[in-house]
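**Q** Got a structure for you, written out below as structure tokens; questions coming shortly.
The values are calculated or read from the model by the stated rules, or taken from the named source; none is laboratory data. On a predicted model such as this, the values are computed, not experimentally measured, just so you know. For neighbour counting, all protein chains shown are included, and Cβ atoms are generated from backbone atoms with ideal geometry for every residue, glycine included.
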């Protein structure tokens, strides 16, 4: 990770790749890198699909090393969904492989003069950018099948589906997993549309001949890594809950808490929750004779392994084990209680290359508009299919909940900064609602996952239904998360490092041993703050104000059953989140 | 105009009408009234289609009197198109009739609990609000035919078409003209969607038994009115140009100036301009044996009479003489050079109840997206038809250029604050571009019509292609316009009052004689500023900043043929427009 690859897609005579030293970006990775480049290089008022926007792909600081669970990768740009800065984060093999190739960032900039589609191949010998219109319109699965034939089964891929090519605002960037399937996505904020606007369909990352990245202090690194992994294994969430049931362990938990957004955020309990929760999912997967649930990491080096494989009743692969957010989005939020339907929708989302959260929230809005009844699984499948086909309805839906709400005249649209809320009703988990409202990303649970102390009793306890303590909770988590998103560590390490001081110390030691510069908790805080400062500065220059740090009004006036509570945190308190 | 009618559409037990004294709003009319009520009563972060938004309809201060050309009426709300404050202004009979009924404002507030559609009937005996689902889905023309049968041929109507019922963001509020046709529209900013969200299909205004409003000083009023009308008649634009050719006299003028936005603002000259300009339109209308062009006012009391009637080749009524903005929007901007097609589109827009400017700009964007070729008249007709039908494509288009651009991934979208630009390319008429950028309304020529000094040599001369003097020009016009929009006077009086000091004085005398309080030029300036202050204050509280007072970036980088000029006014200068 000692260099940056910059590809000018609009260069005269065709795309031009150039390898640069780190320069101003030395020492940055992941979200710290993507947000720094966007803040420094992208004009804040540019059109998100224009030549002046840039797409930055950056592995975390420790990616490509032997550090446990450090393979997350960040994709950043000005978002076509929110109009603000965006970092969308993905698992999969991309982070590790790209880091071993030595690139701290790939920056796609400019825009081709015609509509030629390109692929980029990066290996130990260098970078090739070539026109390949034969890829036009391919779903991510067909695309990766084609790649396998040409580049073998070991390369990692970064790609867009038809949604990205159509520049739909909910389009994702796909990353292949350990089985070389395009199941991992930088989903949020339409990063795939920006890759589509650069007309890059595919980036093939081939680390053949490249070694693992070496720590500065191998002995200390090894010891810290061991302690860190042990810490993850001994915590109830990362050691038992997630490995056993996957992220979908949360369905029954959130339903029990009365905070599972159901029927487009109308109630907090879904009658069919038990049928689609993690326990039912594990049982179904096991009964179908696959590898069983939660046996997979999404990338090599994962020690939590919260994923799995979803087979149909005849034993055919459908998709990776659907994540909680997906099960919620296409399940409870749309009133659908059939795991096979949810898995089919997940597969379609991955194939077309769209964010499952945005899609599920959007279908909820479309159902509220009367396009289908809640619970109508066939209609949901038909709608997502239209996204892939690019029909007018499909394009509306593929542009997300805010556009769909506007086009169909719906008032109850659960978005902040035009990005759809994820799987926690803001009235039932008020800490995560503070994050939804204030993160520079638009509604995003991962930006400050207050579900920890609100619901899971991790990192303390803060009553989820009351305003007290939520701002401080969200602030601390947003700072910590920004820093974690720079390291390549999976956010799920948060459970263990919040509860176990020795695991937090092991993480600090691990990073310090890798870079050769000892790290303190204060350094982590400073890093997190600097990233958020960069992001908020960009958004301010793009015209965002405190008025954008608000939930839609109806969450303050419409009480959520079963607890019949409204969102209680005041605007004045929201404005204190970044007051450091 | 001594009272306000407030109708709570969400009252328990059904809509409740209440007549109130003027209170805080004493002395206000038109835009001064609508913007004051929005700024004071509408929560700036509310959903535009929600119960908290309000629709305010207000005649100008002099409406219903014998003052010449004083029948304009304002419709205000928080805009579903821009998210900011909105005042859309219309001709037609509504202003005069409503003023004679004594109402300075009708305020529709709240929202019915179910989907019942209502009509409101106002006459000398009072106000009736009644459910009438038989009106559902009617076009404005069929609706008004029904009204004629029930209420006779003398009432004035305020109504929405299917677009308003569907709450599309480009939906207009229609006002009937002197022939009781729904040809006059408060078009901009989706005011019809807000009326639709209140579920009011129709307001019937019956002034039978009510007299003309009386001036405080009848003698002075009569003298001033005579001088004022004479001033209008003697000015070349209001006395000759507009009466002879209608507003469409501008097509050849703007084309000659190289500022007629053509093919979605790609060039400033349209090959087919001559075929659709005012001269050709007049010749065609005359040849078809109608009343001839420009024989009509849009309301009783007009002394300019810039309108006319468009008949088809068999002598059947099609629509009112299409305005310049409509001829441009559906003509040059879409590459269509056939007046019959343009008239048919105008008729459809009026019938469905959508803004012709937004629709034309939107079809231009759709054509740029490849949905049809520029110049494909059949495709344009098909697209507008889909708006009326409410197909998914129709709903996209009916939500305007910004949504259409997002859904189809188009970068060149000519909007400010998400509202489409009208018929003057901002690079070719840089003064009006300053207005587009900075008016609280979103791109709107009527908010500060710098075409006067930039192109027409009215009120001075300012080079349209250079930045110098544009900010001052736009500032002064925005202030004067806001004041005029409060009086009920048609904005076209500006030509005469800018050039003829005695006509400006006559206008002051006329207002002063009507109200009984003498008026100075400074008073007019103060009124205009106070309206703009209200509007900007609302927008600031809704989250707007200086970053919203900008043109899309491409107008600064893409040169406009034939003069090959970009927009030259700096951001710093734009920020000085309201610096008083």
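**Q** For residues in the range B:526-556 being at the interface with another protein chain (Cβ under 9 Å from one of its Cβ atoms) and part of a helix (DSSP H, G or I), which is surrounded by the most Cβ atoms within 10 Å (Cβ to Cβ)?
**A** Ranking the candidates gives B:548 first.
To keep it simple, each residue is scored yes or no on (1) buried (at least 23 other Cβ atoms within 10 Å of the Cβ); (2) in contact with a strand residue (DSSP E or B) (Cβ under 6 Å, 6 or more places away or on another chain); (3) closer than 22 Å to residue B:141 by Cβ.
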site: B:279; (1), (2), (3): no, no, no
site: B:286; (1), (2), (3): no, no, no
site: B:322; (1), (2), (3): yes, no, yes
site: B:367; (1), (2), (3): yes, no, no
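**Q** Could you check the range A:559-572 and list, in sequence order, the residues that are exposed (fewer than 15 other Cβ atoms within 10 Å of the Cβ) and either outside any loop (DSSP other than H, G, I, E, B) or within 14 Å of another protein chain (Cβ to nearest Cβ) (or both)?
**A** Across the range A:559-572, the qualifying residues are A:570, A:571, A:572.
**Q** Right, here's the next one. Given A:420, A:372, A:450, A:401, which one is at pLDDT 95 or above and over 24 Å from residue B:193 (Cα atoms)?
**A** A:450
**Q** Still on this model: Given the condition within 22 Å of residue B:91 (Cβ to Cβ) and either outside any loop (DSSP other than H, G, I, E, B) or within 25 Å of the chain's Cα centre (by Cα) (or both), answer yes or no: does some residue in the range B:6-24 qualify?
**A** Within the range B:6-24 (the criterion being within 22 Å of residue B:91 (Cβ to Cβ) and either outside any loop (DSSP other than H, G, I, E, B) or within 25 Å of the chain's Cα centre (by Cα) (or both)), the answer is no, since none of the residues qualifies.
**Q** Could you tell me whether the range B:369-386 includes any residue that is within 11 Å of chain A (Cβ to nearest Cβ) and either touching a strand residue (DSSP E or B) at 6+ places or on another chain (Cβ under 7 Å) or closer than 19 Å to residue B:552 by Cα (or both)?
**A** yes
**Q** Do we find that residue A:388 is over 28 Å from residue B:82 (Cβ atoms), in contact with a helix residue (DSSP H, G or I) (Cβ under 9 Å, 6 or more places away or on another chain) and surrounded by fewer than 24 Cβ atoms within 10 Å (Cβ to Cβ) in this structure?
**A** Judged against the criteria, residue A:388 is a match.
**Q** Of the residues that sit in the range A:375-385 and are over 16 Å from residue A:263 (Cβ atoms) and in contact (Cβ under 8 Å) with a residue 24 or more places away in the chain, which one is surrounded by the most Cβ atoms within 10 Å (Cβ to Cβ)?
**A** A:384
**Q** Could you tell me which residue of the range B:253-268 is surrounded by the most Cβ atoms within 10 Å (Cβ to Cβ), considering only residues that are in contact with a helix residue (DSSP H, G or I) (Cβ under 6 Å, 6 or more places away or on another chain) and not in a loop (DSSP other than H, G, I, E, B)?
**A** So, considering only residues that are in contact with a helix residue (DSSP H, G or I) (Cβ under 6 Å, 6 or more places away or on another chain) and not in a loop (DSSP other than H, G, I, E, B), the one surrounded by the most Cβ atoms within 10 Å (Cβ to Cβ) is B:262.
**Q** Something else: Can you find a residue that is closer than 30 Å to residue A:442 by Cβ and away from chain B (no Cβ under 14 Å) anywhere in the range A:192-201?
**A** For the range A:192-201, residues closer than 30 Å to residue A:442 by Cβ and away from chain B (no Cβ under 14 Å): present.
**Q** Restricting to the range A:183-197, what's the tally of residues that are assigned to a helix (DSSP H, G or I) and within 14 Å of the chain's Cα centre (by Cα)?
**A** 5
**Q** Related question: Could you identify the single residue in B:48, B:80 that is within 14 Å of chain A (Cβ to nearest Cβ), farther than 17 Å from residue B:177 by Cα and either in a helix (DSSP H, G or I) or over 18 Å from the mean Cα position of the chain (by Cα) (or both)?
**A** Exactly one of B:48, B:80 is within 14 Å of chain A (Cβ to nearest Cβ), farther than 17 Å from residue B:177 by Cα and either in a helix (DSSP H, G or I) or over 18 Å from the mean Cα position of the chain (by Cα) (or both), namely B:48.
**Q** Within the range B:510-529, is there a residue that is without any contact (Cβ under 8 Å) to a residue 24 or more places away in the chain, within 24 Å of the chain's Cα centre (by Cα) and under 30 Å from residue B:228 (Cα atoms)?
**A** Yes, that holds for at least one residue.
**Q** For the list (1) in contact with a helix residue (DSSP H, G or I) (Cβ under 6 Å, 6 or more places away or on another chain); (2) in contact (Cβ under 8 Å) with a residue 12 or more places away in the chain; (3) under 28 Å from residue A:504 (Cβ atoms); (4) surrounded by fewer than 24 Cβ atoms within 10 Å (Cβ to Cβ), I need the number of the one condition that residue A:141 fails.
**A** (3)
**Q** Select, from B:32, B:67, B:63, B:17, the only residue that is over 17 Å from residue B:483 (Cβ atoms) and either touching a helix residue (DSSP H, G or I) at 6+ places or on another chain (Cβ under 9 Å) or more than 14 Å from chain A (Cβ to nearest Cβ) (or both).
**A** Just a single option satisfies the conditions, and that option is B:17.
**Q** Moving to a separate point now. Give the residue that is surrounded by the most Cβ atoms within 10 Å (Cβ to Cβ), with candidates limited to residues of the range A:144-182 that are in contact with a strand residue (DSSP E or B) (Cβ under 8 Å, 6 or more places away or on another chain) and assigned to a helix (DSSP H, G or I).
**A** Across the range A:144-182, the extreme among qualifying residues is A:163.
**Q** Within the range A:448-468, does at least one residue satisfy the condition of being touching a residue at least 12 places away in the same chain (Cβ under 8 Å), touching a helix residue (DSSP H, G or I) at 6+ places or on another chain (Cβ under 8 Å), closer than 23 Å to residue B:405 by Cα and not in a loop (DSSP other than H, G, I, E, B)?
**A** no
**Q** Tally up the residues in the range B:144-179 that are within 14 Å of chain A (Cβ to nearest Cβ) and touching a helix residue (DSSP H, G or I) at 6+ places or on another chain (Cβ under 6 Å), please.
**A** Residues meeting the conditions: 10.
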